[in-house]
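The values are calculated or read from the model by the stated rules, or taken from the named source; none is laboratory data. Treat the numbers as computed from the prediction; the structure is a model and nothing was measured. Methodologically, a virtual Cβ is constructed for each residue, glycine included, from the backbone with ideal geometry; neighbour enumeration extends over all protein chains shown. Just so you know, the surface numbers come from the protein's heavy atoms only, side chains and all, with ligands and any DNA or RNA stripped out. Shrake-Rupley method; radii C 1.70, N 1.55, O 1.52, S 1.80 Å.
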Amino acid sequence: MSKRTTRFPRVTVCGLPCRQTSVTLAALLRAGVPVTGLVLARRSDRARSPGIAVPAAPWSDDPAAVAQRSNIPVVVLESKHDLEVLSADALPAAECAVVSCFPWKLPARLIERYPLGMFNLHPSPLPEYPGPAPLFWQYRDGRLRTGVTIHQVTEDLDAGPVVGRVVCTLPLAFPGDRLEAWLAWYGCGLLIAHWQATPHERMMEQPNTQSSWARVPGTADRTIDVSWPAWQVVHFLGGVLPLGYELFITDRSDQLWRIWRFLAWTAEPLVPEYDGRRLSILFGRSWITVEATVVHPPDRVLRNTLRQ
């Protein structure tokens, strides 16, 4: 008896020069999906992830390098205007598109170009945390459960019919870069399972529930104050710093500090005073020690923070 083989559709991948897009592209290629093109937007609301980028590895932050190794053409969009004027004929031929961390709403003329549809890989269990920064807000809200959703792209952002969804535990302070890579890999598995189903499984409509929009975080959103419980500070710092966001802490004297690394959560301070690199701050009955630099002058920075 011959083993049934799956004929995957030809696919275009749309995303950013980031880990999630890179892992998505690598996972599809590894599964044997014929990727005919990569569309990359240049806008990014966070710094490059500080993890080690290995050029030959699927967790590399450079999806263009992954595409180049497989001779996949890359279309670069420098601005949203480039997307608005992009002709559908300028994109490589494909029956389907996979969106993974693309920052702008895709016009209907591009969505309709793909006869088998366009699917979005969203790192949250929709309808929870729709929007461009779901991982940031799950960590900030102290969530200990997360997930990934594959849904069809429609005119309404992050609201299309669901192909697959998985919910999983989010361990305390689990590094966000690893979570991002894992969810992208698992999400691709959901999509591949959908393509392999015979016939294709029916997509489910999302529940019509109200959920906060996971907006791009401003400075105030990225600033911790001493009223936070210690466990939530640890969860937020340990998860979000590896994603490349700039984070700040306001201490008990209203001094603002830029946080570079989370070091420890202890019952006693590791450093009694700031030693030029390390800082211990009391949260409740626990001490959080971080690598930090003072932001001068605090009054001006705090005023700018409040204006956002």
### Residue that is farthest from Q20 (Cα to Cα), among those in the range 80-100 that are open to solvent by less than 30 Å² (accessible area, probe 1.4 Å) and among the β-branched types (V, I, T)
V98
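Per-residue answers, yes or no, for (1) touching a helix residue (DSSP H, G or I) at 6+ places or on another chain (Cβ under 7 Å); (2) on the phi < 0 side of the Ramachandran plot; (3) of a type in the set (S, T, Y):
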{"residue": "F174", "(1), (2), (3)": "yes, yes, no"}
{"residue": "L183", "(1), (2), (3)": "no, yes, no"}
{"residue": "G187", "(1), (2), (3)": "no, yes, no"}
{"residue": "H194", "(1), (2), (3)": "no, yes, no"}
{"residue": "P207", "(1), (2), (3)": "no, yes, no"}
{"residue": "S211", "(1), (2), (3)": "no, yes, yes"}
{"residue": "T219", "(1), (2), (3)": "yes, yes, yes"}
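Per-residue answers, yes or no, for (1) over 30 Å from V233 (Cβ atoms); (2) β-branched (V, I, T); (3) not in a helix (DSSP H, G or I):
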position: Q68; (1), (2), (3): yes, no, no
position: V75; (1), (2), (3): yes, yes, yes
position: Y139; (1), (2), (3): no, no, no
position: I150; (1), (2), (3): yes, yes, yes
### Query
If you scan the range 9-37, which residues turn out to be at pLDDT below 95, part of a loop (DSSP other than H, G, I, E, B) and touching a helix residue (DSSP H, G or I) at 6+ places or on another chain (Cβ under 7 Å)?
P17
### Query
So, of the residues in the range 156-194 that are of a type in the set (D, E, K, R) and open to solvent by 70 Å² or more (accessible area, probe 1.4 Å), which turns out to be modelled with the highest pLDDT?
R165
#### Entry: Unmet requirement for L126, which otherwise passes all of (1) more than 17 Å from the chain's Cα centre (by Cα); (2) buried (at least 19 other Cβ atoms within 10 Å of the Cβ)
(1)
